[in-house]
Amino acid sequence: MQERIPAVSLFGVRVHAVSMDEAIRYILRFVQESVPRQVVTADSSMVVMAQSDSGLRDIINRAHLVTPDSIGILWACRRRGIAMPERVSGVDIVARLAQVSAQTGLRLYFLGAQPGVADEAARRLRQLFPGVQIVGCHHGYFAPEAEAEVVTQIREARPDVLCVAMGIPKQEKWIDRYRHVLGVPVSIGVGGTFDVLSGRVRRAPLCLQRMGMEWLWRVAHNPRKFSKVLLLPRFAWMILTHQKAIEVVCDE
Ligand code: UDP
């Protein structure tokens with residue numbers, strides 16, 4: 001990237017201080033530059049996971065854009081006197097890209113979630129944004145032996161942006177592994193986005209999102225998420241006891 005994006009390091013994990021509009025602008029510029037790039041949507045659980053998973057940490061720190069995808073990250077920065085513009089989540093990025101696609105023909109590919117879920121998300125987006133170019137969908141439960149075939153399908157669909165929803169850290173590692181052979185300018189890890197866009201999982205009410213309580217809503221609707229939620233008190237403890245581990249950095 002030519003231009004330096006202001007960033008914050010949280011416990012060695014670099015997150016860019018971008019608004020949604022800026023994130024979309026960077027993504028569209030990456031598409032034009034056509035060099036395979038990785039975008040990460042970082043939430044509090046990812047910061048905790050990256051403390052014990054140096055592979056994940058390296059991938060995040062090498063990524064070309066890392067958006068602040070949780071109120072926890074905004075809160076941690078604010079406590080240190082650093083203003084992050086706003087939350088930039090995977091769901092909102094995909095919805096915005098779908099809107100842009102309907103206007104410009106930007107080609108999107110959806111990889112991840114249970115069979116049928118990405119297709120249903122695509123169907124709903126086509127209703128919302130007629131003309132949106134979702135050029136392919138594939139579920140995220142394929143065997144390692146099928147990976148080459150999945151890569152071929154994506155390559156042949158020639159998307160501009162690949163949205164990968166296989167959960168943290170699987171999606172980040174998958175993108176890092178295949179980015180250079182996919183022939184796709186931008187690959188983004190987007191977590192549970194297709195579950196939400198397909199209507200399979202309802203998003204938390206806005207008031208809960210604003211209070212930073214979306215996690216509570218998610219656990220109530222999906223108890224399997226409990227183990228991930230256990231990382232949140234750890235994140236809060238890390239922030240409260242090691243404030244100096246948060247600092248402003250500048251992306252190279
Ligand atoms: N998933 C997948 N393949 C896997 C494991 C998970 O496609 O091997 C999907 C899962 O169905 C869900 C998404 O990845 O749609 C993970 O959603 P979650 O909200 O847990 O994402 P995270 O909180 O990790 O960002």
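A count restricted to the stretch 193-226 and to residues that are assigned to a loop (DSSP other than H, G, I, E, B), out of contact with any helix residue (DSSP H, G or I) (no Cβ under 8 Å at 6 or more places or on another chain) and within 20 Å of Ala121 (Cα to Cα) stands at 1.
The residues of the stretch 90-124 that are more than 18 Å from Cys137 (Cα to Cα) and free of Cβ contacts under 8 Å to residues at least 60 places away in the same chain, listed by number, are Gln103, Thr104.
Highlighted here are the helices (runs of 4 or more DSSP H) found entirely within the stretch 1-120 that include at least 3 residues which are in contact with a strand residue (DSSP E or B) (Cβ under 9 Å, 6 or more places away or on another chain) and closer than 22 Å to Asp195 by Cα: 90-104.
Screening Glu172 on (1) within 12 Å of the ligand (Cβ to nearest atom); (2) in contact with a strand residue (DSSP E or B) (Cβ under 9 Å, 6 or more places away or on another chain); (3) open to solvent by 10 Å² or more (accessible area, probe 1.4 Å); (4) among the charged types (D, E, K, R) shows it passes everything except condition (3). Looking only at residues in the stretch 211-244 that are at pLDDT 90 or above and more than 15 Å from the ligand (Cβ to nearest atom), the one that is farthest from the chain's Cα centre (by Cα) is Thr241. Scanning the stretch 188-210 for residues that are in contact (Cβ under 8 Å) with a residue 24 or more places away in the chain, aliphatic (A, V, I, L, M) and either away from the ligand (no atom under 13 Å from the Cβ) or farther than 24 Å from Arg234 by Cβ (or both) yields Ile188, Val196, Leu197. So which of Leu206, Leu182, Leu216, Leu197 ends up being over 26 Å from Gln32 (Cα atoms) and open to solvent by less than 50 Å² (accessible area, probe 1.4 Å)? Criteria check complete, one pass: Leu197. Would it be correct to say that Arg155 is within 16 Å of the ligand (Cβ to nearest atom), open to solvent by 40 Å² or more (accessible area, probe 1.4 Å) and among the basic types (Lys, Arg)? Answer is no for this residue.
The values are calculated or read from the model by the stated rules, or taken from the named source; none is laboratory data. Keep in mind that this is a model prediction, so the values were computed, not measured. With ideal geometry, Cβ positions are generated from the backbone for all residues, glycine too; neighbour counts draw on all protein chains shown. Heads up: the accessible areas ignore ligands, DNA and RNA and are worked out on the full protein's heavy atoms, side chains in. Shrake-Rupley method; radii C 1.70, N 1.55, O 1.52, S 1.80 Å.
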